[in-house]
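Scroll down for the structure; my scribbles are underneath it.
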Amino acid sequence: MDILETDATDLVKRVHGGELHPLDVIDAAIAACERLNPILNAVFSTRFERAREEAQAAGSRSGALAGIPTLFKDLGTPEAGEPQYLGNRVLKALDARAPADCHVVRKLKDAGAVSIGRTTVPELASGNCPAACENEAFGDTRNPWDITHTPMGSSGGSAAAVAAGIVPVAHGNDGGGSIRVPASANGVVGLKPSRGRVSWGPILAESWAGLATQGMLTRTVRDSALTLDAIAGLMPGDPYGCPAPAGPFREAMSTDPGRLRIGLCDVNEAGPLHPACRDGARAVGDVLADLGHRVEPAWPAPFFSERLVDLCLTIVSVGIAQTVGLLESALGRSFGEDDLELGTWLEAERGRGISGPEFLDAITRLNRFAREMAAWWEGEEGFDLLLCPTLAAPPPELGVLVRHPEDRVALWRDRIPYTPQFNITGQPAISLPLCVSAEGLPIGIQLAARYADEATLIRVGSQLEEAMPWSRHKPAVWVGDP
């Protein structure tokens, strides 16, 4: 069996036990990247020699992630000396490099993880479609289950690399579903932590007015717990705080969640719902009921609010316009249409046209939505979890989501009706790879919990992983194949 066919938790045990040296694991990841990345185009920049040096120096040190290979998404996660292109052709041509590590990079390295490179993204988290990982300057990233399909985005490169087995865990971030959406599309686990659980520091205080959160993509629930323990924490000056967990998240794996009240949302009031996604959510609801939980059709009244997408896009458009402005200031030059993909240019132009009062009004309305949503989880009759599909349809073929950049919102909004809500509320949510379509494409099922209650997601996710094991399913592009 290939070293990388197991998960990070098992690899750490083998490194700590002396069965493996970190260099063995890193060499395996490098070989997998060299063999599989030409097929997937998930990794645009590598640091193989530095990774080998770091692994050799680490030995069998006792870090929680000792010797574990990982990858960093090239958005919002600077790594000292490494490319910081943000999917943009100008930054690529200039070979822009990060001056220092951000919090997430430093925390993972301090835990013993070793970066082997950086993953592909849509330009500035926008491009011709933020929900796809199809980039004019870096090419299309392909889904390892079917390379004619998109891995979706914006953490599509990281998700594809984890799904194929290049690395057991990889970094992502999530401003509207960008961890959970590609987790669903690639058949991996994607946990979006609570707002304030993981710092954006030291360069950023927040991203997109608090909508975006740092996190990880993994193949197992226990690896999600392991990596969240590693990256969680605040830095001085952070604008948000999050109540500390009762104990390490990895300990939640062995704790019975008790009998929970779970609302099942198996409809899409905002648009169409693919039968496989609907049936998958219902099937998981049946399993949870068999496990002793109280499952009933229910979801928060404002869940499918008609203005939700427009309000979020107001925040995102201003954020993209701000990013372009910051790049212009840093480079001492303006960005024109030829410097950006059409979708990014249109989004930045829209953001520049939004007034201060309009921006603050959007924040006020989103905060009102968050309070209305939170009430559903509270009180004696409150629910513990919401269960729903992660996506309203399996991942489409490459080219579908980017074919009309000027109409890109219409192309993807019907597919993503379940994830932005929890970026607004700041609640934790997880996508689990529990189902597969008739065509063999992954279908993720999402669970969302009360604010700061990642532990319940980990406990129930662990129950489902045991009851509906997904490790038997392997993509067409997989590290264990010759």
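The values are calculated or read from the model by the stated rules, or taken from the named source; none is laboratory data. These figures come from a predicted structure and were not determined experimentally. Neighbour counts run over all protein chains shown; Cβ positions are idealised from the backbone, glycine included. We work out accessible area using only protein heavy atoms, side chains counted, and drop any ligands, DNA or RNA first. Shrake-Rupley method; radii C 1.70, N 1.55, O 1.52, S 1.80 Å.
Stokes-Einstein diffusion coefficient for the chain at 4 °C in a medium of 1.567 mPa s, Rh from the Kirkwood formula over Cα pairs: what value in µm²/s?
59
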With every protein chain left in place, what is the accessible area of Asp238 in Å² (1.4 Å probe, nearest 10)? 40
Which one of Ile315, Ser334, Leu346 has its Cα pushed farthest toward the positive end of the charge dipole of region 313-357, where Lys and Arg give +1 and Asp and Glu give -1 at the Cβ? Ile315
If I compute solvent accessible area with a 1.4 Å probe over the protein chains, what percent of it on region 115-238 is carbon and sulfur? 56
List the residues, sorted by chain then number, that are 5 or more residues from Ala80 or on another chain and whose placed amide H is less than 5 Å from its amide H. Ala100, Asp101, Cys102
Over its alpha-carbon atoms, region 243-372 yields an Rg and a Dmax in Å of 21.6, 62
Apply 1/(1 + (r/R0)^6) to the Cβ-Cβ distance of Leu360 and Glu406, taking R0 = 22 Å, and write down the FRET efficiency to the nearest 0.05. 0.20
Rounded, prolate or oblate: which one fits region 296-356, using the alpha carbon gyration tensor with axes a ≥ b ≥ c (rounded when a/c is under 1.5, else prolate when a/b beats b/c, else oblate)? prolate
Whole-Hz Karplus couplings 3J(HN,Hα) for region 445-462, θ = phi - 60° and coefficients 6.51, -1.76, 1.60, Gly and Pro as x, run 10, 9, 10, 10, 10, 4, 3, 6, 10, 4, 4, 5, 4, 5, 5, 6, x, 5
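Can you compute the charge dipole magnitude of region 42-171 about its Cα centre, using +1 on each Lys and Arg Cβ and -1 on each Asp and Glu Cβ, nothing else charged? Give it in debye, rounded to the nearest 20. Can you show the working numbers first?
On the way: 13 positive and 14 negative charges, 64 e Å.
Computed charge dipole of region 42-171: roughly 300 debye.
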Solvent-accessible area per residue for region 197-355 (1.4 angstrom probe, square angstrom): 45
Nearest-10 value in Å² for the accessible area of Lys13, using the 1.4 Å probe: 130
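When ligands, DNA and RNA are left out and all protein chains stay put, how many square angstrom of accessible area per residue does region 60-145 have with a 1.4 Å probe?
Details: 2230 Å² over 86 residues.
I get 26 Å² per residue for this part.
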Can you find, among Ala205, Tyr418, Ala393, the residue farthest towards the positive end of the dipole of the chain? Put +1 on the C-beta of Lys and Arg, -1 on that of Asp and Glu. Ala205
Going by Cβ distance under 4.7 Å, what cysteines of the chain have no possible disulfide partner? Cys33, Cys102, Cys129, Cys133, Cys242, Cys277, Cys312, Cys435
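Note down the net charge around Pro275, summing +1 for each Lys or Arg and -1 for each Asp or Glu among other residues with Cβ under 12 Å from its Cβ.
Residues near Pro275 contribute 0 overall.
Please state the charge dipole magnitude for region 118-180, taken about the Cα centre, from unit charges on C-beta atoms (+1 on K and R, -1 on D and E), reported in debye and rounded to the nearest 20. Don't skip to the end; give the middle numbers.
Values: 3 positive and 6 negative charges, 42 e Å.
For region 118-180, the charge dipole is close to 200 debye.
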Any chance you could look up the accessible area of Glu136 with a 1.4 Å probe, heavy atoms only, rounded to 10 Å²? 110
Quick check for the chain: number of Lys pairs with alpha-carbon distance under 18 Å, counting only pairs 8 or more apart or on different chains? 6
How charged is the neighbourhood of Pro394? Take every other residue with its Cβ under 11 Å from the Cβ of Pro394, and add Lys/Arg as +1 and Asp/Glu as -1. -2
